[in-house]
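The values are calculated or read from the model by the stated rules, or taken from the named source; none is laboratory data. For clarity, every value in this text was computed on a predicted model and none was experimentally measured. Note that we place each Cβ from the backbone using ideal geometry, even for glycine, and neighbour counts take in every protein chain shown. Ligands, DNA and RNA are stripped out before the accessible areas are found, and what is left, the full protein with its side chains, is counted by its heavy atoms. Shrake-Rupley method; radii C 1.70, N 1.55, O 1.52, S 1.80 Å.
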Amino acid sequence: MAPMNKLRLGVLGSGTGSNLQAIFDAISMQRLSAVVACVISDVPDAYILERARSHRAPAFHIDPAPFKTKLEGEAEQRVIETLRKHKVDTVVLAGFMRIVKPGLLRAFPGRVLNIHPALLPSFPGLRAWEQALEYGVKVTGCTVHFVDEGTDTGPIIVQRPAPVLPGDTPETLHARIQEQEYLAYPEALQLLAAECLQVEGRRVELL
Ligand code: GAR
């Protein structure tokens, strides 16, 4: 059998990068056929950049100014150039706390993925675990989806549930959701690497 192609991942994140760590772990355990080609953050001292460097992955801070909540204009162009320079074929949003705009989506059509800490379409947007706790749901979880021009609206690839337990705080619930994220992102990426995904409108079919 021919060896599976390795995805060349460009990971964008703003925070601690624990999902990036899960991706590195899945690669080293041969559960994911991929290489992290580069990591980009909009936050200069984000720990995700440290994690990347400690795994010898090229890591860059790109200043998103003048925008506060989105990636657009000159910064978007610099991100696209950096991803192309590192021959990225799949863009992985891993705790990237900005709205990506059509420029990036057009540069990597059908190849931008995001992880969201809720079972979409419930609780899109920020701090989804707090939204779930406040609403009083008994089950929440995480979603890996293709990114489209909406906020957390793209076709869903993988979802994993996490229970809400009595006495949960936002921190304990987020931590339980993240345990599921560390399984869901490598699983979704491996389905992409194995060319097992077919998007039909909103639905992602497994081949
Ligand atoms: C993750 O829980 C991810 O789902 C969330 O940020 C966290 C990043 O953690 N993303 C969003 O809320 C996007 N709207 P990490 O930096 O440790 O991977």
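Which net charge results for the neighbourhood of Thr140, defined as the other residues with beta-carbon distances under 13 angstrom from its beta-carbon, given Lys and Arg at +1 and Asp and Glu at -1?
Local net charge: -1.
For the chain, with only Lys/Arg (+1) and Asp/Glu (-1) charged at the beta-carbon, what is the dipole magnitude about the Cα centre, in debye rounded to 20?
500
Hey, can you grab everything whose amide H is under 5 Å from the amide H of Gly15? Only 5+ residues off in sequence or another chain; H modelled, so Pro and N-termini drop out.
Under 5 Å from the amide H of Gly15: Ile48.
Over the chain, with every protein chain in place, what whole percent of the accessible area is carbon and sulfur at 1.4 Å, could you tell me?
Whole-percent figure for carbon plus sulfur exposure: 54.
Of the peptides 62-69, 188-195, how do they stack up when ordered by the mean number of other Cβ atoms within 10 Å, highest first?
Details: 62-69: 12.8, 188-195: 18.4.
By packing density, highest mean first, the sequence is 188-195, 62-69.
Specify the residue with the greatest mean-square fluctuation among Ala175, Ala132, Ala34, computed from a Gaussian network of the chain linking alpha-carbon atoms under 10 Å apart.
Ala175
Straight-line reach from Lys138: which aspartates and glutamates fall under 12 Å, measuring Cα to Cα and dropping same-chain residues less than 8 apart?
The reachable aspartates and glutamates, counting only those whose Cα sits under 12 Å from Lys138, are Asp168.
Tell me which residues come under 5 Å, amide H to amide H, from Val39 once H is placed; ignore anything under 5 positions away on its chain.
Answer set, sorted by chain and number: Val11, Ala59, Phe60.
Through the Karplus equation 6.51 cos²θ - 1.76 cosθ + 1.60, θ set to phi - 60°, convert the phi angles of the stretch 19-25 into ³J(HN,Hα) values in whole Hz; use x for Gly and Pro.
Couplings: 5, 4, 4, 4, 5, 4, 5 Hz.
May I ask you to give the solvent-accessible area per residue for the chain, in square angstrom, as obtained with a 1.4 angstrom probe? It would help to have the intermediate numbers written out before the result.
Details: 10560 Å² over 207 residues.
In whole numbers, the chain has 51 Å² accessible per residue.
May I ask for the distance between the Cα centers of the stretch 147-203 and the stretch 71-133, given as a whole number of Å?
14
Per 0.36 nm of contour for each residue apart, how much would the distance between Met29 and Glu50 grow if the chain were fully extended, relative to their Cα-Cα spacing?
Extra length available between Met29 and Glu50 comes to 5.5 nm.
All other residues with a Cβ under 10 Å from the Cβ of His116 taken together, and with Lys, Arg as +1 and Asp, Glu as -1, what is their net charge?
Numbers: positive: none; negative: Asp152, Glu181.
Once all neighbours under 10 Å are counted, the net charge is -2.
Arrange the peptides 166-173, 36-43 so that the one whose residues have, on average, the most other Cβ atoms within 10 Å appears first.
Details: 166-173: 11.9, 36-43: 22.6.
Put in order of decreasing packing, that is 36-43, 166-173.
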